[in-house]
Amino acid sequence: MTLLAPILLILLILIVRFAFSNMSKYLRRSKMTWMLGAYLVILLSSVVVYYLLPDNSDQAPIAITEQDIEQALLTEHNIYKAGETGEFANIFSSEGVYKNGHWTFRYDGDELFIVDLNTATDGAYMIIEQDQTNRATIEVNSYKTRTIVNGMDLTDKVIEPEVSLSNGSLIFTGLDRVRIERFQFKKDFTLLQFSKQYNQQNYRNDMLRHQTVFGTQLLHIRVPGNVQIQEKTFANVYYIK
Amino acid sequence: MEIIKCDNLNKAYRNKRAVKDMSVLIQENKITGVIGRNGAGKTTLLKMIAGFYQKTSGQLQVFGEEPFNNLNVSANMIFIDDNMSFPKALTLSEILESAATFYPLWDQRLAKGLFDYFSLDANQYHDELSKGMKSTFNMIIGIAARCRLTIFDEPTTGMDAAVRKDFYRALLKDYIEHPRTILLSSHLLQEIEDILEDVLLIKAGQKLLHLPVVAIKELAIGLRGNEQVVQEIIQDIEVYHKESFGVNSIYVVIENRLTEAKIQAARDSGVEITAISTNDICVYLTSKHKGGIDDVFNRA
Amino acid sequence: MSLIELNLFQLTQKQYYYKLKAYTGMFFTMMIVQVSALLLSFGGVSGMSTSSNNMIISTDVYSGEAVIILTLIWAFVTGVQLTANVIRDIDFAFVSNRISSQLSTIGFMLTLAMVASIAATLMSVLLRVIMYLYTGSSVAADSNFLITPVELLISLIAIFLYITLLMSIGYWFGMLSQKSVFLKVLLPTMFFGLLFLEVRNDSGVSIIGDTFHFFVDERSLLVFSIKVIVSVIVLLGSAILLTNRLEVRK
């Protein structure tokens, strides 16, 4: 919302006032009182309902702590470094990296095209390992790291791609972009102004609320050593031996 | 006992003096008519008495106190005009109920009786009423409140003749049963002179006279006849009004200072002597031009 | 017939009850304003969309602040409305003097403030309940979803004080405008002129800003209450004293 919003608000107020300043003529007072009573009753009963709502704090998407953030950032950093040095061996078993898919295919061919559809590998790290000891199997392992958005842990919303092999092509298919809607609340400024506890606890919570760390997808592909690889994907591709 | 007392009372606005050096004493339990032309200052005077306007100078006492911003005066006074403001959201019956809470002497039975008699609808809103019905409603409040000082400023605006008659009758009847001090301003003197006791005549912000209504009739006398004859008779006597008609004939209204003998002599010379109605006397006394509207035509 | 005597307190009481009936519409307008604000709140106070890989994540933030802000604007406008000539003329149709008229109006205004602040505070709760019912329990997991009863009370007091302050400012402006036509033009002009000057950083003028910060930066509820109460007394008191000679029923 921009500066326009306050002006719109004031306009709305004025319109409402103008339209309703003559209300007393069109609405009998008894009806008005009745509606007012209903209004207050609804508000008061909402308080009752509110405090009766089940406690869902265990579902808290904001159950992350500063340590979680640090951990996630460290993991991303490690991956980045591995990209520079080519040392991926440790990554796959390190903390914060979760395996979410495993495929094996038998393959006899000499050439392999690696392609993706639907930007399935966009932003992912694709580590292609050609193993001389491997003669006829293609193995794909998919990993994900922690994804935290606006202080909410959304790791389990990350979906692994579909992997298939056909006609000499290893195809990665991603699902259409998943849209996630989350709702957050903000405490009213009248409360925040005076809430003594605000200073410590809520402040920390508010800071966490602004943390966003996007996880990375890792695709570890083991290919027979004698295969010629051609790859046309959106991933960051690394070859290791 | 004096209910209202003013002494050299003045109310000045930027470009005119609405009330000039007014000195009046109004006694308790009388119906006084406040009569004068439009703009003569009647409303200004009444609103000062009611405590709505502030005086510019002079003395003004109602119930022995300054009426402006005065709780005690307000509690015993009600001011009815055609301009009364009531909450838009309240129905007529709700307004009457509210009035009852402010006036301990309120007579709900009388109010309801009058209300039904004039066919007002209890569930209507005040601003939905026609001008005449508004005046009727306001009048009901004025009578039923039984305030010690009740002021009516042109209360019959918009009322038709039958309703006006009923209003005066109702006012008089209730006044007789429950005496109070009433000030009634109107420009239709002929209608109200039957219920008035006193008349306060105002011209250009000043008091012209304050007399019992019966005394006013005696103030002037009319002569009609040949111009020269009449002129001779009325030498040295103040002329209030002069009108020509026909050839050489005039009609004059003069201060009633003729002796019986002179009147007889006038009759003998063919001059017609007429009494003047109270209303006409007041009109002539408050007019700016002696010749009335004929002056406009005579100049040409 | 003896004179009826009436003291100021009794009269003010009678007028107060009269006004509760006569101006019930103002409560109604308040309700309409707040309900409209609630509907506006469903659009979220702010939103953010981020995307990466195969995810688009949009976060909408909700709060009851829209209701509070709109209620504050309503409060100011109502404060001004209550100084209209009509109000006095209605009072003087019956028994009144200027002080009783103003005191009863102010009493009515405070009643409006109380109801408005309770409603505005509870709207935040209602909003959360509605969002919960509409989107499921995941919404409740946000730590800002929970408002403890103590917090509700703090919010209620704070909102009541803000509303009363704004009503009093509106009343003060309105009353002074009634005093003279000159003021009626001068006061808004001065206000907007000052506002304009202050918005420009280089002007060095900051009266309005300072006043704003004087209230908004105060962290102690007790001190804030004192600040507001004193300001309200000064504003309303001066309004009553300065307009005690107004002519009515013109």
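Only the coordinates and a few stated rules stand behind these numbers; no lab work does. Every value quoted in this text rests on a predicted model; they were computed, and no experiment measured them. Cβ: placed from backbone, ideal geometry, glycine included. Neighbour counts: every protein chain shown.
Of note:
- Averaged over the residues of B:78-91, the number of partner chain Cβ atoms lying within 10 Å of the residue Cβ comes to 6.
- Ratio of Rg to Rh for region B:47-93: 1.09 [Cα atoms; Kirkwood radius as inverse mean 1/r over pairs].
- Estimated Rh, region B:26-111: Kirkwood, alpha-carbon pairs, angstrom: 15.2 Å
- Per-pair calculated FRET efficiency, R0 = 35 Å: B:Glu238 and B:Leu172 via Cβ, rounded to 0.05: 0.55
- Antiparallel beta bridges, as assigned by DSSP with both residues in chain B, represent about 65 percent of the total such bridges.
- The Rg/Rh ratio of region C:1-120, with Rg taken over Cα atoms and Rh as the Kirkwood radius over Cα pairs, comes to 1.28.
- Stokes-Einstein D for region A:90-198, Kirkwood Rh over Cα pairs, 10 °C, 1.306 mPa s (µm²/s): 91 µm²/s
- For the protein assembly as shown, the fraction of alpha-carbon pairs in successive 10 Å shells from zero, as %: 2, 10, 15, 14, 12, 11, 9, 7, 6, 5, 4, 3, 2, 1, 0, 0, 0
- All other residues whose Cβ lies under 12 angstrom from that of C:Gly174 are scored, Lys and Arg at +1 and Asp and Glu at -1, for a net of +3.
- Under 23 Å of direct C-alpha separation, and excluding same-chain neighbours fewer than eight residues apart, B:Lys30 reaches these lysines: B:Lys5, B:Lys42, B:Lys47, B:Lys165, B:Lys173, B:Lys203, B:Lys207, B:Lys217.
- Longest to shortest principal axis, alpha-carbon extents of region B:152-273, angstrom: 52, 29, 27
- Mean partner shielding of peptide C:84-93, defined as the number of other chain Cβ atoms within 10 Å of each residue Cβ, is 5.
- Taking a quarter of the surface of the Cα convex hull of region B:78-201 gives a mean projected area of 7.1 nm².
- Per the Cα gyration tensor, region C:1-41 maps to an equivalent ellipsoid with semi-axes of 39, 8, 4 Å, ordered largest to smallest.
- Take the Cα of A:Ile180, step 7 Å toward its Cβ, do the same at B:Gln228, and the gap between the two points is 12.4 nm.
- For region B:10-16, backbone phi angles converted through the Karplus equation (6.51, -1.76, 1.60; θ = phi - 60°) give residue-by-residue couplings of 10, 9, 10, 9, 4, 10, 7 Hz, Gly and Pro being listed as x.
- Stokes-Einstein D (µm²/s) once Rh is taken as the Kirkwood radius of chain B over alpha-carbon pairs, at 4 °C in 1.567 mPa s: 61 µm²/s
- With Cα atoms as the point set, the radius of gyration and Dmax of region C:141-250 evaluate to 18.1, 62 Å.
- Net lengthening on full extension, A:Arg135/A:Glu95 (0.36 nm per residue, minus Cα-Cα): 11.3 nm
- Remark: spin-label model distance C:Phe192-C:Ile4 equals 4.6 nm, labels positioned 7 Å along the Cα→Cβ axis.
- Gaussian network model of chain B, Cα within-10 Å springs - most flexible of B:Arg267, B:Arg14, B:Arg180: B:Arg14
- Cα-based Kirkwood hydrodynamic radius, region B:239-294, one decimal, Å: 12.4 Å
- For GluC sites (Glu not before Pro), the sites in region A:37-128 that DSSP calls loop and that have at most 15 other Cβ atoms within 10 Å are A:Glu87, A:Glu95.
- You can think of it this way: the chain between B:Val214 and B:Val247 has 8.4 nm of extra reach, that is 0.36 nm per residue less the Cα-Cα gap.
- In sequence order, region C:234-244 has phi-based couplings of 5, 4, 5, x, 5, 4, 5, 5, 6, 10, 6 Hz under the Karplus curve 6.51 cos²θ - 1.76 cosθ + 1.60, θ = phi - 60°, and Gly or Pro positions carry x.
- If you model chain C as an ellipsoid using its alpha carbon gyration tensor, with each semi-axis the square root of five times an eigenvalue, the axes come out at 40, 24, 16 Å, biggest first.
- From the C-alpha gyration tensor of region B:1-54, square roots of 5λ in Å: 20, 13, 10
- Counting other Cβ atoms within 10 Å as a rough exposure proxy, the listed residues A:His220, C:His213 run C:His213, A:His220 from fewest neighbours to most.
- Under a Gaussian network description of chain C, with springs only between Cα atoms under 10 Å, the residue in C:Val230, C:Val67, C:Val199 that fluctuates furthest is C:Val199.
- For region A:142-188 and region B:96-116, distance of Cα centres in Å: 77 Å
- Residues B:Lys288 and B:Asp21, FRET efficiency given R0 of 22 Å [Cβ-Cβ distance, rounded to 0.05]: 0.70
- Sites A:Thr33 and A:Glu70 - FRET efficiency at Förster radius 56 Å, r taken between beta-carbons, to 0.05: 0.45
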